[in-house]
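Everything on this sheet refers to the single structure shown next.
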Amino acid sequence: MLLIVLAVSWLTGTNPLTLLQMAEEVAPSQTQSVPTGAPTGDPAAEFVAVVLADTEETWGRVFQSGGRRYQAPVLVLFENAVQSACGSASSGSGPFYCPSDQKVYLDLSFFRELDRRFGAPGDFAQAYVVAHEVGHHVQNLLGVNRQVSQAQRQGSRADGNALSVQLELQADCFAGVWGHHAQRKQLLDEGDVEEGLAAAAAIGDDRLTGGRVSPESFTHGTSEQRVRWLRQGLSSGDIDRCDTFGASP
């Protein structure tokens, strides 16, 4: 099992979403664990709900240690296309976070694509995808998104792309911070970390484009960069070690 809720549901025969809904009834202001649009009985949707719940616990503690309160995002599951406060998007655009409505959008078919197209199977590879998008939410709460958007409006296109890369790499590092805490709680199985690193490598700009575009056009970072920063978060568990803007990416 990746996370303890799955273990509890297996032992008790209780649907994981039911357990999470019970948690919401106890502390409705603390969690948004059940994704909007979650299909009933879908194992992938239930898995995403469990991962989302654990990111909330982890980031809640991280923010609390810094004297802040964490506000959890809402995760919206969709099929084919969706309308967000950031505009419309199709499944082909992949998972994304919209700062304007503080929601993470995910078509579960991306998990199948992650396995079949990108060659990155495994539950932790999928958890990394969710944690990465939650990482963008953390950036939004910290004001990073706003600063990057302002700098992009004032700079050149190349400068804007470079800032996008640094933003994405920091979200990878934040995903690693969550993974570090999950590992300390013994929620990861042997090989889970390798699954996450493989997923990060599989969706690097250089891998996706086959090297057909110049690095100045990259917006997410190379495979090497994405693995490096995910590993940084995994090893340190410290958001202060995720300053991709002040370090050479």
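Data for the structure
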| read-out | value |
| --- | --- |
| Spin-label pair Glu224/Val74, simplified geometry with 7 Å Cα→Cβ offset, distance in nm | 4.3 |
| Hz values of 3J(HN,Hα) by residue in segment 226-231 - Karplus curve (6.51, -1.76, 1.60), Gly and Pro given as x | 5, 5, 4, 7, 5, 5 |
| Whole-Hz couplings from phi, Karplus 6.51/-1.76/1.60, listed for segment 127-135; x for Gly and Pro | 4, 4, 4, 5, 5, 5, 5, 5, x |
| Separation between Cα centres of segment 75-94 and segment 142-191, rounded to whole Å | 21 |
| Extension gain, Asp101 back to Gln147 (0.36 nm per residue minus Cα-Cα distance, nm) | 14.8 nm |
| Highest to lowest packing among 139-145, 162-168, 79-85, scored as the average C-beta count within 10 Å | 162-168, 139-145, 79-85 |
| HN-Hα J in Hz across segment 59-71 - Karplus 6.51, -1.76, 1.60, θ = phi - 60°, x for Gly and Pro | 6, x, 6, 4, 5, 4, 5, x, x, 10, 10, 7, 9 |
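Since every read-out is calculated from the coordinates, none of them should be taken as a lab result. On a predicted model such as this, the values are computed, not experimentally measured, just so you know. Backbone-built Cβ (ideal geometry, glycine too); neighbour counts: all protein chains shown.
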